[in-house]
1. Cα atoms only: what Rg and Dmax, in Å, come out for the chain?
2. Assuming a viscosity of 0.890 mPa s and a temperature of 25 °C, what translational diffusion coefficient in µm² per second does Stokes-Einstein assign to region 69-132, Rh being the Kirkwood radius over Cα pairs?
3. Using a 10 angstrom cutoff on alpha carbons, build the Gaussian network for the chain and name the most mobile of Ser75, Ser27, Ser114.
4. Convex hull over the alpha-carbon atoms of region 1-58: what's its volume per residue in Å³?
5. Measure off 7 Å from each Cα along the Cα-to-Cβ vector at Ala123 and Ile34, then give the distance between these two points in nanometres to one decimal.
Amino acid sequence: MISLYDAATMKAALLLPLDPALRRLLSDRIQDAIACGLEGLTYIIVVEPGDGEADFIREGAFSPFWNPLSETRYSDPAHIPPWDWAERLDGWGWEFIRTVGNDGFAFIVLVPDSEGGDPRLRAMCRELIPCG
């Protein structure tokens with residue numbers, strides 16, 4: 001899991017050997033956060049192969065499979081995703097945003113649609129954020 005929680009980690013991430021599509025996505029999100037003065041209120045998480053629910057809890061203190069407001073898990077038919085906005089990123093994967101509090105703080109989560117990723121997370125993304 002790549003965690004970018006301030007301007008320094010965001011800028012350093014762009015120096016990593018990243019997939020070109022991911023580099024473009026991160027560059028766009030980072031430029032937007034800085035342009036809006038929200039780099040201190042934006043936490044970007046990039047899911048990598050092998051990352052699972054425990055990694056989300058360790059890095060962001062939340063699970064994408066649990067909604068504390070509806071008190072439902074992804075396996076529950078009445079589950080409501082815990083994010084505020086989501087989009088299918090053609091040719092790469094998914095992006096979802098989860099806001100926290102009223103000051104503008106948000107997690108931006110990028111989930112690649114690639115082998116080695118958490119199959120449950122990918123299945124949930126496919127189900128809840130379909131293509132097109």
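Just so you know, all these numbers are worked out from the coordinates, no wet-lab data involved. Because the structure is predicted, anything quoted here is derived from the model rather than measured. Here the Cβ positions follow ideal geometry from the backbone for every residue, glycine too, while neighbour counts run over all protein chains shown.
1. 14.3, 42
2. On the way: Rh = 12.7 Å.
Rounded, D is 193 µm²/s.
3. Sorting by GNM fluctuation, first place goes to Ser75.
4. Details: hull volume 4.6 nm³, N = 58.
So the per-residue hull volume is 80 Å³.
5. 4.0
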